[in-house]
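Below: one structure, written as C-alpha cells.
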Amino acid sequence: MPRRISEFIVESLIKLSGLLVIILVFLLFLFLLKDSLSLFGIYPLGKFLFGRNWLPISEPPRFGVVPLFLGSLYVTVGAIIICVPVGIASAMFIAEVAPKSLKHVLKSLVEILASIPSVVLGFIGIRWLGPALRDVLGLTTGMCGLTGSLLLAFMALPTIISISEDAIVGVPRTYKEAAFGLGATRWQTLWRVILPSASSGIIAGVMLGIGRVIGETMVAMMVTGNSPVVPKSILAPLRTLTATIAGEMGEAVSGSEHYFALFAVGLVLFVIAFIINLIADAFLRRARK
Amino acid sequence: MSTAKLRQQIAFIVLGAATLFVIVPILLTIFYVIKNGIGAISWEFITQPPRNGMRQGGIFPAIVGTILLVVGTMLFSLPLGVLAAIYLVEYARDNFFTRLVKLSVVNLSGIPSIVYGLFGFTLFVLFLRLGTSILAGSLTLAIMSLPVVVTATKEALESVPVSFREISLSLGATKWQTVRHCVLPYAVPGILTGTVLSLGRAAGETAPILFTVAAFYLPRLPRSVFDQVMALPYHLYVISTQVPNMPTEISFATGFVLIALVFLMNLASIILRAHYRKKRLW
C-alpha cells in the first residue's frame, strides 16, 4: 500500500519537525552553557557576576559583567521611560480616538517603523541624533546611553503599540456600551473601563518591547560609545551586554578565556530574555481568557 | 462645555500628541535617508563592486549576498516552520511534548539576535565545520526566523474552519489527505504573508551574520554555499563605523537600498494578503 507508506513518511516528518524545534532550543542552551561553564573552570563565577571591571586584554584579564549589565540596564530603563507611556498612548489613540481612515494610515506607518533595519537606525544615530543631542545638552560626546535609549525606544514602539492596540480592540463591546449607558464620556470609558480590561495584553506588549530593547545589538553597539566601564549616568558613554559580544567576538581567540567569557555574557542575555518572555507569555495567556 | 467634556478634549489631544511623537520621526528618518542617499544611487552603484577601500564604486556584491541569504533562510525555515505548525495545530494532543514545543517556539522568539549569532558560530561554523559561509549564515538566520513562520502558519491553519476538516474526514479521507487538500490550500496566504515578513526582517539583521557569514570586503561573487559574502546591513555597519573618510553619500545610499529592499518585501506581503483576502471563500 504505497499511499499508506507515503502518508506514514509525511506524518513522521511532521512529528519530527516538532521534535526538531525542541532540540534546537535545547542545543542553543547546551552550547551556550558548555562554553560558559568552560569559563567558570578557569575564572571564578563570583568574580564574573560581581566584578566591576571588564578588561579582557589586560594582564591578568578581568571579566566582571557588572559594567556591561549596568550599561544594558541604563539604556533599557531610559528606553522604557520613553516608549511605554508614548506607546500605550499611541495605541489608545489608534484604537479608540482616530477616525477609521487615519487608523489604517497610522497602523501602516507603525509597521514601516518595525521594518526599518536596526543598522539604519544606528547609522541615523551616528550621523544625526548623537551630534544633535551633544549640541543641545552640551555633552562631550553624543555617543552615550541616552542616544541609545531614544533609538531603542523607537525600535520597541511598534511591538508595544501593535500588541496594546490588539488588546484594547479586543475588549468586549458590551463593556463600552454599559459605560456609555451609564453616561460616561468616551474618555472616561477608555480610561476607567477599557484600559483596565486590556491591561494584561498591554503588559505583555510592554514586556516584549523591553525584551527587544535588551536584545538589540547594532544600535547599542553603534551609538552608546563603546565604553565598558561602570557608567556614571545615562549621559555617559557605556556599553551593553549585546554590544560587548558583537564587538569583541571577532578578536577573541576561539577556546580562550575571553572567548568563553563572551559566551557567559550570551548566557546572561539568554536567561534575561527567557524570563521576560515567560512573563510576557503568561500575560498574553491571561489576556486571551 | 462640561468638565468631563473638557477633560476628554485635553486627554485626546495628549494621546494625539503622543502618536505624532511616534509618527513624525519615522517620516523624518525615511525622508532624511532618501534625501541624502538618492543622489548617489545610480545603475553603476547597484551593479558594480566597491572600489578604493569601499569609498567608491557600488554595492553589487552586498546586494547579491543579502538576496542569497534570504533565499537560503527561506529554504530552511519555511519547510521546518510549516511542518512544526502543522504538527501543533493538526496532530498534537495536549500533552507534555506539545507544551514543550510551544514553549520552545515562545522562547526562540525572544532570544536576542546576537545570541543566535553566538550559537550559529559554535554550532554551524565550528562544530559542524561549515566555516563562515552562506550555509552557516542562512541556517542561523533560519533559526531566528523560525518562530515567526511557525506562529504565522499556526494562525493561518487555525483560521480554516473546523467544518472543512470534519467534512473531509466524514467522506473517508485520512488525516493527512484532509490536511493536504482541505486545510493547507486555504492557509497558504497566511503562511506566505508571515514568511515574507520574517524574511524581510532576516534581510535587515546584522547581529546573527556578524560571525557566521558576513565578509568585511569581498568584491567578487561567491562560488559556492561555503563561501563568505558581503551583506547590505553589515556593509552599512562597516562603512559607517570602520572606514575613515567615507563619503556620507555612499552610506546613505546603502541605507536607502537596504530600506528599499526590506520595504519591497513587506509590500509583497501586504499585496499577497490583500489579494487572497478578496478570494477568501468563507
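The values are calculated or read from the model by the stated rules, or taken from the named source; none is laboratory data. Bear in mind the structure is a predicted one, so any value in this text is a computation, not a measurement. Neighbour counts run over all protein chains shown; Cβ positions are idealised from the backbone, glycine included.
Could you go through the stretch B:91-112 and let me know if any residue there is of a type in the set (D, E, K, R) and either closer than 20 Å to B:Ile209 by Cα or touching a strand residue (DSSP E or B) at 6+ places or on another chain (Cβ under 7 Å) (or both). Within the stretch B:91-112 (the criterion being of a type in the set (D, E, K, R) and either closer than 20 Å to B:Ile209 by Cα or touching a strand residue (DSSP E or B) at 6+ places or on another chain (Cβ under 7 Å) (or both)), the answer is no, since none of the residues qualifies.
Would you mention how many residues in the stretch A:1-18 are in contact with a Phe, Trp or Tyr (Cβ under 8 Å, 6 or more places away or on another chain) and at pLDDT 90 or above? Steps first, answer last, please.
Start the filter on the stretch A:1-18 by keeping residues that are in contact with a Phe, Trp or Tyr (Cβ under 8 Å, 6 or more places away or on another chain), which leaves A:7, A:10-11, A:14-15, A:17-18.
Filter once more, keeping what is at pLDDT 90 or above: A:10-11, A:14-15, A:17-18.
Total satisfying the criteria: 6.
For the stretch B:173-185, the criterion of a residue being at negative phi, in contact with a Cys (Cβ under 9 Å, 6 or more places away or on another chain) and not hydroxyl-bearing (Ser, Thr, Tyr) is satisfied by at least one position.
Residue-by-condition table, conditions (1) within 26 Å of B:Ala231 (Cβ to Cβ); (2) in contact with a helix residue (DSSP H, G or I) (Cβ under 6 Å, 6 or more places away or on another chain); (3) in contact (Cβ under 8 Å) with a residue 24 or more places away in the chain:
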{"site": "B:Leu171", "(1), (2), (3)": "no, no, no"}
{"site": "B:Val179", "(1), (2), (3)": "no, yes, yes"}
{"site": "B:Pro185", "(1), (2), (3)": "no, no, no"}
{"site": "B:Gly190", "(1), (2), (3)": "no, yes, yes"}
{"site": "B:Leu197", "(1), (2), (3)": "yes, yes, yes"}
{"site": "B:Gly200", "(1), (2), (3)": "yes, yes, yes"}
{"site": "B:Gly204", "(1), (2), (3)": "yes, yes, yes"}
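Inspection of the stretch A:167-190 identifies no residue that is under 27 Å from B:Ile30 (Cα atoms), among the hydrophobic types (A, V, I, L, M, F, W, C) and part of a helix (DSSP H, G or I).
Taking the numbered list (1) in contact (Cβ under 8 Å) with a residue 60 or more places away in the chain; (2) closer than 29 Å to B:Met144 by Cβ; (3) surrounded by fewer than 18 Cβ atoms within 10 Å (Cβ to Cβ) in turn, B:Leu103 passes all entries but (1).
Conditions tested, residue by residue: (1) in contact with a strand residue (DSSP E or B) (Cβ under 9 Å, 6 or more places away or on another chain); (2) assigned to a helix (DSSP H, G or I).
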position: A:Pro228; (1), (2): yes, no
position: A:Pro231; (1), (2): yes, no
position: A:Ile245; (1), (2): no, yes
position: A:Ser254; (1), (2): no, no
position: A:Val265; (1), (2): yes, yes
position: A:Asn277; (1), (2): no, yes
position: A:Ala280; (1), (2): no, yes
position: A:Leu284; (1), (2): no, yes
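Cβ-Cβ contacts under 7 Å between residues 6 or more apart (or on different chains), taken from a first residue in the stretch A:224-244 that is more than 14 Å from chain B (Cβ to nearest Cβ) to a second residue that is among the basic types (Lys, Arg) and surrounded by 24 or more Cβ atoms within 10 Å (Cβ to Cβ), are listed as A:Ser227/A:Arg239; A:Pro228/A:Arg239. Among all positions in the stretch A:187-202, there is at least one residue which is surrounded by fewer than 23 Cβ atoms within 10 Å (Cβ to Cβ), touching a residue at least 12 places away in the same chain (Cβ under 8 Å) and among the basic types (Lys, Arg). Any residue in the stretch B:236-244 that is at pLDDT below 90, of a type outside the set (Ser, Thr, Tyr) and surrounded by 23 or more Cβ atoms within 10 Å (Cβ to Cβ)? There is no residue in the stretch B:236-244 that is at pLDDT below 90, of a type outside the set (Ser, Thr, Tyr) and surrounded by 23 or more Cβ atoms within 10 Å (Cβ to Cβ). All of (1) β-branched (Val, Ile, Thr); (2) touching a residue at least 40 places away in the same chain (Cβ under 8 Å); (3) more than 30 Å from B:Ile239 (Cβ to Cβ) hold for A:Thr174 with one exception: (2).
Quick grid of which residues meet (1) at pLDDT 95 or above; (2) more than 14 Å from A:Phe69 (Cβ to Cβ); (3) within 14 Å of the chain's Cα centre (by Cα):
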residue	(1), (2), (3)
A:Gly201	no, yes, no
A:Arg212	no, yes, yes
A:Ser227	no, yes, no
A:Pro231	no, no, no
A:Ala236	no, yes, no
A:Leu241	yes, no, yes
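Check the stretch A:168-181 and report whether any residue there is under 11 Å from A:Glu96 (Cα atoms) and under 23 Å from the mean Cα position of the chain (by Cα). Yes, because at least one residue in the stretch A:168-181 is under 11 Å from A:Glu96 (Cα atoms) and under 23 Å from the mean Cα position of the chain (by Cα).
Of the helices (runs of 4 or more DSSP H) contained entirely in the stretch B:1-100, those carrying at least 1 residues that are away from chain A (no Cβ under 11 Å), more than 27 Å from B:Gln177 (Cα to Cα) and over 24 Å from the mean Cα position of the chain (by Cα) fall at B:3-37, B:43-47.
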